[in-house]
Amino acid sequence: QFFVFCHGLLQLSQLLVSGYLKSSISTIERRYGLSSQTSGLLASFNEVGNTLLIVFISYFGSRVHRPRFIGCGAILVSLAGFLMSLPHFITGPYEYDQSVASMFSNTTDLCQPGVPRSGGNLSDAGCTPHAARENHEVLLVMFIAQALLGIGGVPIQPFGISYIDDFASERNSPLYLGILFSVTVIGPGVAFMLGSAMLRFYVDIDKVAGDEVQLTNKDPRWVGAWWLGFLVAASLVAISAVPYFFFPREMPKEVGEGDFPLVLLRNLRHPVYLLVVLAQVNLSAMVAGLATFMGKFLERQFSLTASLANMIIGAVNIPGAMVGIVVGGAILKRFQMSLKQCSAMCVLGMLLCLLVAFPLLFLGCPTQKVAGVTYSESSELGHHALECNLQCNCPEKAYNPICGSNAIEYISPCSAGCRVVNIHAENNSVLNYTDCSCISENGLVGFAKPGTCGTGCSHLFLPFVVLSCLAGILASTSHTPSFMLILRSIQPEDKSFAVGIQFMLLRVLAWMPGPVLYGSAIDTTCILWEKKCDRKAACRYYDNNLFRQR
């Protein structure tokens, strides 16, 4: 029982490391200027190290000292977690364009006629070879960490499960494995809650005094302390690893022998096994893509902070999926279903899920009006609008969104022609911008507030959350019946091997490509890219309708 307790703890903290990355992905994109394709590849890269080894380890598992292997794996995972946070400590502070001169730079992004633009953080200061190299180093470190995370995670589940199954009594074994299984489902939920807590802190909390930070966490340029969660999770893994070095080896029962390639072929030729695994592949690819980018989707569609988006996913969507899994298992047990009934139940769950999820296509709003990006004033105001900021010499790279009193968003105070910034006396934050030559209402010169205008979609947020949660519950009722279909359609002695192959296929066909495909599809809907040294970095604005549909 102590082993079960330790294993539950270890699996939870291991999932914290891998799940936490998904919760902070939109933040890491913004901090290091990554496209969603790159971040999707990063998020699924831990599966690479995992896949290469998983099948052999589940096959040769009974010949080694399993607890010690698990302990070593856990130490690798913990190392990977610490490596993930390393980029924060080897790069300088996060820089963003400002309207107020500060310790970082004395240039501002206000409209300053007659001032030639040079120097400061609005120009190509970040384009030295050093900065470009720094960015490559960050990516390299993160990819290595993800690969290590995958390799370290290999022995943990298969060895732990087989160890428990070997030494627990026949009666208790299902209970113990059920406990572990529920932990693996809760894990990602806890990871998103951890993300929600950490992203409320500013990223450079350790490098910059609080009053130097002019951003609030509602600002589109806000970057939360993504690295803190990795330190927490990695420490937890390290602590959970300790007891494993003290468990005994004990000789396991002998396993029925079979030749490796023959067993593989025997399973792959089985039509039910193959069809169910392919169905699971399709579902898992969707789940893998959603888990990685659902937070980002909520942030953009409903103008939420990253912290709130994680809170919703961790507190609503993931528990919903757990409820579905439990309900599916309960129905299965209550009615003692045959294989035909199992497959009918899977089909029904999926059909209902599709019906409930269909309206989600329409629950959203178009991107807010952004001058010069999604909206051009010249069509309405004639010739005057285009020239309103010509004399300002705006740097084209500036990104410091403001919301005009005419409800149109401008990329920076300069592009709205604002000449005056008003500062809050106590905490140095920006109150508003005035004297803005591009913002006119009723013939008067308008003003603007810092921050994005938002999509005006908040009224659709609740129906979206309710429907997506329902769809998740319905889809996950098919989880247990589909596993039953697999376990009952193959020969008993091939069971553990068949599950090993199933997970390998899921990894190769779903969990690896899923986030990358999703990320690429999301990238195609971008309408304004941040440029870093003439290469595309992170996306500033998406076409929200396309983003939602694709």
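The values are calculated or read from the model by the stated rules, or taken from the named source; none is laboratory data. Please read these numbers as outputs of a predicted model, since none were measured by experiment. Every residue, glycine among them, receives a Cβ derived from its backbone with ideal geometry; neighbour counts consider all protein chains shown. In case anyone asks, the SASA skips ligands and DNA or RNA and just uses the protein heavy atoms, side chains included. Shrake-Rupley method; radii C 1.70, N 1.55, O 1.52, S 1.80 Å.
Values computed for the structure shown
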read-out: Charge dipole (the chain, unit charges on Cβ, about Cα centre) - positive-most of 195, 177, 74; value: 177
read-out: On Cα atoms only, tilt of 339-357 relative to the major axis of the chain in degrees; value: 10
read-out: Debye, to nearest 20: dipole size of the chain, +1 on Lys, Arg Cβ, -1 on Asp, Glu Cβ; value: 1420
read-out: For the range 1-89, with +1 on Lys and Arg beta carbons and -1 on Asp and Glu, the positive-most of 6, 85, 25 along the dipole; value: 6
read-out: Size of charge dipole - the range 463-550 - debye, nearest 20, with Cβ of Lys, Arg +1 and Asp, Glu -1, no other charges; value: 260
read-out: Dipole of the chain, positive direction: furthest Cα of 489, 502, 473, with charges on the beta-carbon; value: 489
read-out: Using alpha-carbon coordinates, inclination of helix 2-23 to the longest axis of the chain, degrees; value: 30
read-out: Probe 1.4 Å - accessible area at residue 275, Å² to nearest ten; value: 120
read-out: The chain - percent of accessible surface contributed by carbon and sulfur, probe 1.4 Å; value: 67
read-out: Label-point gap, in nm, between residue 245 and residue 275 - each point 7 angstrom along Cα→Cβ; value: 5.1
read-out: Fraction of beta bridges assigned by DSSP in the chain that are antiparallel (%, nearest 5); value: 90
read-out: The chain, relative contact order in percent, only Cα pairs under 8 angstrom and at least six apart counted; value: 26
read-out: Gyration tensor verdict on the range 129-197 (Cα atoms; rounded if a/c is under 1.5, prolate if a/b is larger than b/c, oblate otherwise); value: oblate
read-out: Mean ellipticity per residue at 222 nm, deg cm²/dmol - from DSSP H runs of n ≥ 4 across the chain, formula -39500 (n - 2.57); value: -18500 deg cm²/dmol
read-out: Inter-label distance, nm, simple model (7 Å from Cα along the C-beta direction), residue 517/residue 550; value: 1.5
read-out: Linear extension gain, residue 326 paired with residue 52, 0.36 nm per residue minus alpha-carbon span; value: 95.5 nm
read-out: Order of exposure, largest accessible area first, which applies to 16, 283, 462, 79 with probe 1.4 Å; value: 462, 79, 283, 16
read-out: Solvent-accessible area of residue 440 with every protein chain in place, 1.4 Å probe, in Å² to the nearest 10; value: 50
read-out: For volume of the Cα convex hull per residue in Å³, calculated from these coordinates, the label among (1) 184; (2) 167; (3) 159; value: (3)
read-out: Rounded tilt (10° steps) of 318-335 against the dominant C-alpha axis of the chain; value: 30
read-out: Exposed-site-free run, longest, the chain (rule: GluC sites (Glu not before Pro); DSSP loop; at most 16 other C-beta within 10 Å); value: 258-395
read-out: Potential extension, residue 90-residue 338 segment - 0.36 nm per residue separation minus Cα distance; value: 83.5 nm
read-out: Label-point separation in nm, residue 207 to residue 361, each point 7 Å along Cα→Cβ; value: 4.5
read-out: Probe 1.4 Å, all protein chains present, accessible-area order of 334, 30, 63, 507, largest first; value: 334, 63, 30, 507
read-out: Shape call, the range 1-78: gyration tensor on alpha carbons, a/c limit 1.5; value: oblate
read-out: Sites residue 231 and residue 184, calculated FRET efficiency, Cβ-Cβ separation with R0 22 Å, nearest 0.05; value: 0.45
read-out: For the chain, accessible area per residue (1.4 Å probe, heavy atoms of protein chains only), Å²; value: 46
